[in-house]
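What follows is a set of notes on a single structure, which appears directly below.
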Amino acid sequence: MNDQRRRVSSGSGFEAIAGYSRAVVDGDFIFVAGTTGYDYATMTIAPDVEAQTHQAFKNIMAALAEAGAGLDDIVRARYYLPNAADFPLVAPIFAHYLGKARPAATALICGLIEPAMRIEIEVTARKRK
């Protein structure tokens with residue numbers, strides 16, 4: 001691993017089991033892995049998609065902060081939802097967190113690893129000089 005790359009961990013057991021990092025900082029870029037609505041301190045997940053979306057952004061903000069960046073540095077976002085009917089519920093939450101950054105974004109309807117997961121969010125950020 002070169003000196004421009006470092007890993008950020010959330011402490012989630014999922015990272016160790018699956019062999020990945022919550023985020024990887026490579027030069028000016030921060031690649032944040034798909035992040036769900038789990039509260040990593042308690043390893044619990046709320047049942048509703050809105051609460052999960054807020055928690056996912058809290059998890060993303062923590063990873064970005066450790067990497068020296070914030071939400072306004074996000075340049076790319078991907079939203080994964082098992083249920084298309086949930087999109088209108090979470091779109092305003094996306095705007096709440098990312099309305100200033102306005103990253104390039106994609107929403108996909110797909111299955112997630114656990115039935116309790118209602119959303120997964122992946123972002124890429126670039127540190128400003």
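Of everything in region 65-94, what is part of a loop (DSSP other than H, G, I, E, B) and small (Gly, Ala, Ser)? Give them in sequence order. Don't jump to the end; show me each part of the working.
Our first condition is that a residue be part of a loop (DSSP other than H, G, I, E, B); within region 65-94, this holds for 67-70, 82-83.
Within region 65-94, Ala67, Gly68, Ala69, Gly70 meet the criteria.
Filter region 95-129 for residues that are assigned to a strand (DSSP E or B) and in contact (Cβ under 8 Å) with a residue 40 or more places away in the chain and give the result.
Pass one, region 95-129, residues assigned to a strand (DSSP E or B): 104-109, 120-126.
Those that are assigned to a strand (DSSP E or B) and in contact (Cβ under 8 Å) with a residue 40 or more places away in the chain: Glu120, Ile121, Glu122, Val123, Thr124, Ala125, Arg126.
Return the only residue of Tyr79, Tyr40 being crowded, with 18+ Cβ neighbours inside 10 Å, touching a Ser or Thr at 6+ places or on another chain (Cβ under 6 Å) and in contact (Cβ under 8 Å) with a residue 12 or more places away in the chain. Can you show your working first?
Values: Tyr79 fails: touching a Ser or Thr at 6+ places or on another chain (Cβ under 6 Å).
Answer to the check: Tyr40.
Among the residues of region 46-56 satisfying the criterion of being within 20 Å of Tyr97 (Cα to Cα) and in contact (Cβ under 8 Å) with a residue 40 or more places away in the chain, which is surrounded by the fewest Cβ atoms within 10 Å (Cβ to Cβ)?
First, pick out the residues of region 46-56 that are within 20 Å of Tyr97 (Cα to Cα): 46, 48-56.
So of that shortlist, the ones also in contact (Cβ under 8 Å) with a residue 40 or more places away in the chain come out as 48-50, 52-53, 56.
Details: Asp48: 12, Val49: 21, Glu50: 16, Gln52: 25, Thr53: 27, Ala56: 27.
By that ranking, first place goes to Asp48.
Only one of these is modelled with pLDDT of 95 or more, surrounded by 17 or more Cβ atoms within 10 Å (Cβ to Cβ) and in contact with a strand residue (DSSP E or B) (Cβ under 9 Å, 6 or more places away or on another chain): Leu108, Leu71. Name it.
Values: Leu108 fails: surrounded by 17 or more Cβ atoms within 10 Å (Cβ to Cβ).
It is Leu71.
The values are calculated or read from the model by the stated rules, or taken from the named source; none is laboratory data. Everything quoted here is computed from the prediction, not taken from an experiment. Please note: Cβ atoms are built from the backbone with ideal geometry, for glycine as well, and neighbour counts cover all protein chains shown.
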